[in-house]
Amino acid sequence: MFAQLPLASQSELLDELLQEQELHGKILLEAQEEVSDKRKKKPCPHCSSPNVYKRGKQKGVQMYRCNDCAKWYSETTGTPLYDIKLKPKWQSYLRCMEQGMPIKKIANELGISIQTSFDWRHKILSSLDQFVPEQLSSEVECDELELPLNNKGSRGLDRKPRKRGNDFKRNKGKEEITVVQVVTAVERNGGKYLKAIESKRLSKEEITKALDGKLADNTTLITDKHPSYKAFAKGNPSIRHKALLAKDHVDRDDKTVHLQKVNNVHSQLRSFLRPFNGVSSKYLQNYLNWYAYADKIRGSKTTLKQWFVAMLLTDQAYQLYGLFKLNAVIIRT
């Protein structure tokens, strides 16, 4: 009977079945069981003490009490799932995020407000800081991607609104910054580190701040001949530096010295950001972490489950989201 349906009806039926299955939250339950198996007791998110004991369940969620600070907390305290009223819709929300849907489109798809859609996205993205690599090693390509400074959602600007995203002047005065530099370091074996910096042109100090402690000893750093990279490498004798002309893409004398991998990452990043019709610069780092994590788990058959496991394993996402919320725009609908 299914095979005899028109393609449009087949697609509609599959969507309805998928949404019905997602409402049961099966993948979230599987993720919770996996996290519980990994750690028998959740350490205290308030003082980080492992000296805790279980104290029953509340609405199906495991409760704990800390012996050191005497505070109560639950399995979801500190995670993006803490104090969420519509958990059954989170599985569908993650599926929409995986498809790269904008905030408003997800809100229409799931029947939630735009503000809720916005808040959920940034709660989820706040949990991804834990997956930023601590260090890169071996051969590392490094370059920067320049994006226009975006004040999307801000109010009270001292300039007229732009008619289009690229309607801006790159160098407007000596002091005013109009661009964001995304410093991108990519290991040849796939590890990625992306850091957004508001800067007209990268200096040695800004590169040092972005890459501080991120390159292991004896790492080979491959860059273009930007003088700031040369100065950075000179101040870090534990790393080897190889440079080439940016316009060449591949060194004329040594074909193993190139920036093709980092250039490919920049191309993928532009494609990743395009559906969002411009990302506000103050939220850009969250989106960079999203791109890096999504790329890391790409090809897995259990991506939704991995997203939930990532959220449940973090204890600081809710606090990070609270800090983010202080500067976040309230969406008026």
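What follows is calculated from the coordinates using simple rules that are stated; it is not laboratory data. These figures come from a predicted structure and were not determined experimentally. Cβ: placed from backbone, ideal geometry, glycine included. Neighbour counts: every protein chain shown.
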For this session: Take each of the peptides 52-59, 281-288, average the number of other beta-carbon atoms within 10 Å over its residues, and list them starting from the highest.
Result: 281-288, 52-59
Exercise. Can you give the direction-averaged projected area of the convex hull of the alpha-carbon atoms in segment 183-299, in nm²?
Worked result: 8.2
Problem set entry | Ordering of 116-122, 188-194, 267-273, 93-99 by packing [mean C-beta count within 10 Å, highest first] | 116-122, 93-99, 188-194, 267-273
Problem set entry | Ranked by how many other beta carbons lie within 10 Å on average, peptides 217-223, 231-237 from highest | 217-223, 231-237
Problem set entry | the chain, dipole about Cα centre (Lys/Arg Cβ +1, Asp/Glu Cβ -1), debye to the nearest 20 | 900
Exercise. So, in Å, what gap is there between the alpha-carbon centers of segment 20-94 and segment 277-301?
Worked result: 25
Problem set entry | Gain on full stretching of the segment that runs from Leu29 to Ser113 - 0.36 nm per residue minus C-alpha separation | 27.7 nm
For this session: Please report the relative contact order for the chain, taking Cα pairs under 8 Å with a sequence separation of at least 6, and give it as a percent rounded to a whole number.
Result: 22
Seminar exercise, completed: Rounded to whole angstrom, the alpha-carbon centroid of segment 251-267 lies from that of segment 179-231 at a distance of 15
For this session: Take the Cβ-Cβ distance between Ile84 and Lys234 as r, set R0 to 41 Å, and report the resulting FRET efficiency rounded to the nearest 0.05.
Result: 0.25
For this session: Once you've got the Cα coordinates, tell me which of Lys40/Lys104; Lys104/Lys282; Lys209/Lys242; Lys41/Lys261; Lys123/Lys204 are over 31 Å apart.
Result: Lys40/Lys104; Lys41/Lys261; Lys123/Lys204
Problem set entry | Hydrodynamic radius by Kirkwood, which averages 1/r over all alpha carbon pairs of segment 46-145, in angstrom | 16.7
For this session: Quick one: work out the % antiparallel among DSSP beta bridges in the chain, nearest 5.
Result: 75
Exercise. With charges only on Cβ, +1 for K and R and -1 for D and E, what is the dipole size of segment 103-153 about its Cα centre, in debye, rounded to 20?
Worked result: 640
Exercise. Nearest 10 degrees, 0 to 90: what angle lies between the long axis of helix 284-296 and the longest principal axis of the chain (Cα atoms)?
Worked result: 80
Problem set entry | Within segment 208-310: Cβ-based charge dipole about Cα centre, in debye rounded to nearest 20 (Lys, Arg +1; Asp, Glu -1) | 240
Exercise. Straight-line reach from Lys160: which aspartates and glutamates have a Cα under 20 Å away, not including same-chain ones fewer than 8 places off?
Worked result: Glu175, Glu176
Exercise. Does anyone have the angle between helix 317-327 and the longest principal axis of the chain? Alpha-carbon axes, 0 to 90°, nearest 10?
Worked result: 70
Exercise. What number, in percent, do you get for the relative contact order of segment 38-161 if the mean sequence gap of Cα pairs under 8 Å and at least 6 apart is divided by its residue count?
Worked result: 12
For this session: Working from Cα positions, state the angle (0 to 90°, nearest 10) between the long axis of helix 303-313 and the longest principal axis of the chain.
Result: 90
Exercise. Regarding the chain, what whole-number volume in Å³ per residue does the convex hull of its Cα atoms give?
Worked result: 204
